[in-house]
Amino acid sequence: MADGGRIVLRPAPVDLDIGGKQIAMSGFNNSVPGPEIRVGQDEMLSVRLENALEEGTMIHWHGIRLPNAMDGVNVLTQDAVIPGGSFDYRFAVPDAGTFWYHSHYLSLDQVSRGLFGPLIVTEHTPPDIDQDITVQLFDILTDVEGHFESMFDPSHYTTEGRLGNMMTAFASRSDVKVGERVRLRIINPAVDRVFRVTIDGLSGLIMAIDGMPLADPLPVDELVIAPGQRVDVIGDVVGEVVLSETTLVDPIPLTRIAISGSRQKRVSPIPPLPLNRLPRPGPVSQSVDLVMQGGAGGPPHGGFGGWAFNDVSGLPRMPLLAAKRGETVLLRLRNETAFAHGIHLHGHHFWETDINGAPTVLRDTTLVEARDTREILCVLDNPGAWLFHCHMLSHQEDGMATWLQVA
Ligand SMILES: [Cu+2]
């Protein structure tokens, strides 16, 4: 395995310029979002975290199947890195695809302030494209004077969470040519907002979801992207590329990638990306219910917080389930609340299933709509204590977290 050389990530306070306005945020290496990390599949990633904040922090590598000690989770895998302190993360990246990193300490506050960035794992043989563009969807909550809103609003804990009043998207390129074949790696690092996105100006297909290539790419319609989720699209540019948020009646443009010339369009079809090597589900050895409870309009529950899993708010002393390495488990995610939740498992991907229980799409974060139920199949082949939580970070902070133990 090659070693890509050590990268330093240094979180510190930084001003973000949005439309000529300066907003005091936090960023890795003086930048919001943080620097894009690129590493080849099966290579080692070495990152030194140097904490220049005035509070603790740590980094989680979202979607990467890594050793438990590198997962960046308070209590379960490491202690917070104190101000002025450092921590070395070093692990191999087994899967090619679109991933991301973010603070996993005081994460509602630190991620909403900008402590996140893209982690791109490149294929051994990259696809034939002209531009590889990362687009990070984000929203920021500002106060009446346009500053970062740092007041605590208890209603965020009982509803959809902390939704920004300013929506944007950070694209790693500002121009393309008509006829170019472009890969868009769309990431949603927003703390609580589910983005519903349309793409104009690109004729293409959904090639991968949550970093995992699809055997059969899907047509691009409205993309529903929950916090933590990713979608890769490859397509040919036919005009200005505009990503818009479509939840409201009038779509809101998030970013525009302008046209700067043209080239001969490819005639070849877009081939699927090579699949990552993940274990297929075997016979189910355990089935466990995860009941989501709480929030405005939700039934009473036994937890102390605004939200709970199985009548417990916050990390329980015992894991939701304990498995032997390699077991296939079925998790029934039952949302009894009036709000959607994006449920994220660390250290693994899992299969969403269809109504017959057959595996469909590999994900690391699944969106369960209000009062809906979803069954997922997990091959628990990575030993350790793995966080399993709602990636709406307001919900996580107020109770929606548990963990799995894999021996
Ligand atoms: Cu939630």
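Summary table
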| item | result |
| --- | --- |
| V75 versus H124: modelled label distance in nm, points set 7 Å from Cα along the beta carbon direction | 4.1 |
| Hydrodynamic radius (Kirkwood) for segment 284-406, which is based on Cα pairs only, to one decimal in Å | 14.2 |
| Accessible area per residue in Å² at 1.4 Å probe, computed on segment 41-80 | 32 |
| Contact order relative to length of segment 1-150, as percent, for alpha carbon pairs under 8 angstrom and 6 or more apart | 26 |
| Over the chain, relative contact order from alpha-carbon pairs under 8 Å, at least 6 apart, % | 14 |
| Apportionment of accessible area to carbon and sulfur, the chain, percent (1.4 Å) | 52 |
| Most to least accessible of H124, H60 (protein chains only, probe 1.4 Å) | H124, H60 |
| P(r) of segment 3-122 over all Cα-Cα pairs, binned every 5 Å from zero, in whole percent | 2, 12, 22, 25, 19, 12, 5, 2, 0 |
| Segment 1-64 and segment 181-244: distance between their alpha carbon centers, rounded to Å | 23 |
| Straight-distance crosslink candidates among lysines, where the alpha carbon sits under 25 Å from K265 and sequence neighbours closer than 8 are dropped | K177 |
| Relative contact order, percent, segment 284-406 [alpha-carbon distance under 8 Å, six or more residues apart] | 32 |
| In nm, spacing of pseudo-spin labels at T360 and R266 (7 Å Cα→C-beta vector) | 2.8 |
| Candidates per GluC sites (Glu not before Pro) in segment 17-93, loop by DSSP, up to 11 other Cβ within 10 Å | E54 |
| Stokes-Einstein D for the chain, Kirkwood Rh over Cα pairs, 20 °C, 1.002 mPa s (µm²/s) | 99 |
| Positive minus negative residues near R332 (Lys, Arg vs Asp, Glu; Cβ under 13 Å) | -3 |
| Rounded to 5, percent antiparallel among DSSP beta bridges of the chain | 75 |
| For segment 78-131 and segment 359-374, distance of Cα centres in Å | 23 |
| Length added when fully stretched, S150-T373, from 0.36 nm per residue minus Cα-Cα | 76.8 nm |
| Listed residues D15, D221, D42 arranged by accessible area, highest first, probe 1.4 Å | D221, D15, D42 |
| Square roots of 5 times each gyration tensor eigenvalue, C-alpha, segment 57-199, largest first, Å | 28, 24, 12 |
| Sites matching GluC sites (Glu not before Pro) across segment 126-228 that sit in DSSP coil, with at most 14 neighbouring C-beta atoms within 10 Å | E145, E222 |
| Label-point gap, in nm, between N30 and R48 - each point 7 angstrom along Cα→Cβ | 1.9 |
| Residue order for S107, S31 - accessible surface, 1.4 angstrom probe, largest first | S31, S107 |
| Candidates H348, H389, H156: whichever shows maximal mean-square fluctuation once the chain is modelled as a Gaussian network with Cα springs under 10 Å | H156 |
| Trypsin sites (Lys or Arg not before Pro) restricted to segment 318-389 and DSSP loop, no more than 13 other C-beta within 10 Å | K324, R325 |
| Cα-based reach from K324 at 19 Å (exclusive), listing aspartates and glutamates while leaving out same-chain residues under 8 positions away | D289, D381 |
| Accessible area (Å², per residue) of segment 131-262, counting only protein heavy atoms and a probe of 1.4 Å | 37 |
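The values are calculated or read from the model by the stated rules, or taken from the named source; none is laboratory data. Nothing here was measured: the structure is a model prediction, and the numbers come from that model. We place every Cβ from the backbone using ideal geometry, glycine too, and count neighbours over all the protein chains shown. In case anyone asks, the SASA skips ligands and DNA or RNA and just uses the protein heavy atoms, side chains included. Shrake-Rupley method; radii C 1.70, N 1.55, O 1.52, S 1.80 Å.
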